[in-house]
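Here's the structure we're looking at; comments come further down.
Just so you know, all these numbers are worked out from the coordinates, no wet-lab data involved. Being a predicted model, the structure only gives us computed values, none of them experimental. Here Cβ is always computed from backbone atoms with ideal geometry, including for glycine, and neighbour counts include all displayed protein chains.
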Amino acid sequence: MPTKKQLTESLETVLVPGIMRSVVKMNLVRDISISDQKVGIELASATLAPPVQEWLKEKIEGVTGKIKGVKEVNVSFTDSTPKDLNQISHIIAVMSGKGGVGKSLVASLAAIALKRQGYEVGILDADITGPSIPKMFGITDRPSGSDTGILPVPSRSGIEVISINLLLPSEDDAVIWRGPLIGKAITQFWEEVLWGKLDYLVVDLPPGTADAPLTVMQTLPVSGVIIVFTPQDLTMMVVRKAVKMAQQMGKPIIGVVENMSHFYVPEIDKKIEIFGKSRGEEMASAANAPLLGQLPIDPELAKLCDEGNVEQYSAEVVDKLGQSLSKSLSIKAK
């Protein structure tokens with residue numbers, strides 16, 4: 001007689017169209033029953049249009065029917081919502097009190113670094129009026145789904161991404177919304193998108209401490225916050241407001257990242273601090289959190305972002321960011 005382990009392993013090979021992750025990793029498998037040589041598999045229907053359900057049914061019947069001892073396979077679907085199915089271990093909000101400091105870049109590099117460590121990762125682009133995540137990842141596909149929810153769009157390396165820009169007729173279209181509508185969109189990205197099983201969901205916040213960051217802090221079970229800043233004194237003053245917001249909302253600051261920290265000139269082997277002396281340690285002390293990384297001004301990184309190839313960026317600073325981040329989160333979890 002077949003075992004549940006055998007059946008689950010076979011279901012790992014069945015990928016959900018539009019996301020290319022298995023029905024197991026998307027947490028769609030609700031029940032597996034075995035009676036003599038008959039197998040019953042119950043799947044959640046969330047985000048799955050009728051044609052997709054039929055395709056999955058045939059695919060599952062095919063792969064499980066090949067298991068020794070299986071004579072009959074019955075696949076059924078049960079009503080559900082993405083919110084019921086999502087299992088996310090850590091939610092990381094990337095924020096700053098000021099715009100233009102590189103929150104989206106840090107969010108992207110953090111997700112890439114964690115993905116390279118073997119984790120399942122997603123990015124929720126909560127910057128509704130100024131989304132840039134799809135551009136950096138070169139994602140232009142529209143999300144698929146049904147009236148029960150939508151699926152995020154996978155990047156080339158398998159990072160799940162959802163952004164308002166993926167839902168607009170054109171990426172150049174402006175989103176001219178007031179605060180309540182922006183908050184509603186962020187809530188929908190959390191509750192109506194099927195993320196499935198993720199180790200990390202990175203949330204890219206817009207600048208400031210108003211509606212959008214407040215919605216994320218109040219609606220999502222945020223595990224911790226990354227504060228992004230640049231060395232300028234003016235930036236430091238504004239960013240401290242974001243630190244205080246996170247503290248007042250009771251969200252732990254898991255670390256700070258200094259962007260545009262310096263420019264390295266290989267010909268003379270020297271780091272030039274274009275925007276002034278590094279304030280990494282000072283900011284870490286103010287936030288009472290570790291300094292996760294200091295990102296240099298790198299023309300190659302800027303070029304890759306413009307081309308939609310940020311995932312191709314390879315630098316020691318990215319690896320260190322991922323290691324520092326996972327270490328900091330594991331310490332906070334204790």
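Couple of notes before you dig in:
- Mean Kyte hydropathy of 0.5 or more with a Cα span along the axis of at least 15 Å, helices from DSSP in the chain: 103-116
- Among the listed pairs Lys57/Lys184; Lys25/Lys303; Lys83/Lys244; Lys5/Lys320; Lys103/Lys303; Lys25/Lys244, those beyond 27 Å (Cα-Cα): Lys57/Lys184; Lys25/Lys303; Lys83/Lys244; Lys5/Lys320; Lys25/Lys244
- Residue order, fewest to most surrounding Cβ atoms within 10 angstrom, among Asp298, Asp306: Asp306, Asp298
- Comparing Cα centroids, the stretch 294-329 and the stretch 112-166 end up 17 angstrom apart.
- When the chain is treated as a Gaussian network with alpha carbon springs shorter than 10 Å, the biggest mean-square fluctuation among Val161, Val16, Val257 belongs to Val16.
- Annotation: amide H-H contacts under 5 Å for Met26 (H modelled 1.01 Å from N, sequence separation of 5 or more, or interchain): Lys197.
- Net charge of neighbours whose Cβ lies under 12 Å from the Cβ of Glu192, counting Lys and Arg as +1 and Asp and Glu as -1: -1
- Selected from Gly183, Gly18, Gly65 as most flexible by GNM, with the chain as the system and alpha-carbon contacts under 10 Å: Gly65
- Each of Phe229, Phe77, Phe263, Phe189 was scored by other Cβ atoms within 10 Å of its Cβ. Listed from fewest to most, they are Phe263, Phe77, Phe189, Phe229.
- Note on the chain: with a GNM built from Cα contacts shorter than 10 Å, the maximum mean-square fluctuation among Ser314, Ser35, Ser80 falls on Ser35.
- Net charge of neighbours whose Cβ lies under 12 Å from the Cβ of Ser35, counting Lys and Arg as +1 and Asp and Glu as -1: 0
- Footprinting exposure proxy ranking of Ser10, Ser33, fewest other C-beta atoms within 10 angstrom first, gives Ser33, Ser10.
- Structure-derived P(r) over Cα pairs in 10 Å bins from 0, in percent: which label, when the choices are [x] 6, 25, 30, 21, 11, 5, 1, 0; [y] 6, 24, 32, 26, 10, 2, 0, 0; [z] 5, 21, 27, 26, 16, 5, 1, 0: [x]
- Of all DSSP beta bridges confined to the chain, the antiparallel ones make up roughly 30%.
- Filter on Lys66/Lys115; Lys251/Lys327; Lys59/Lys135 - keep pairs with C-alpha separation over 28 Å: Lys66/Lys115; Lys59/Lys135
- Contour excess over end-to-end distance, with Cα ends at Trp177 and Thr219 and 0.36 nm allotted per residue: 13.2 nm
- Each other residue within a Cβ distance under 13 Å of Lys271 adds +1 if Lys or Arg and -1 if Asp or Glu, for a net charge of -3.
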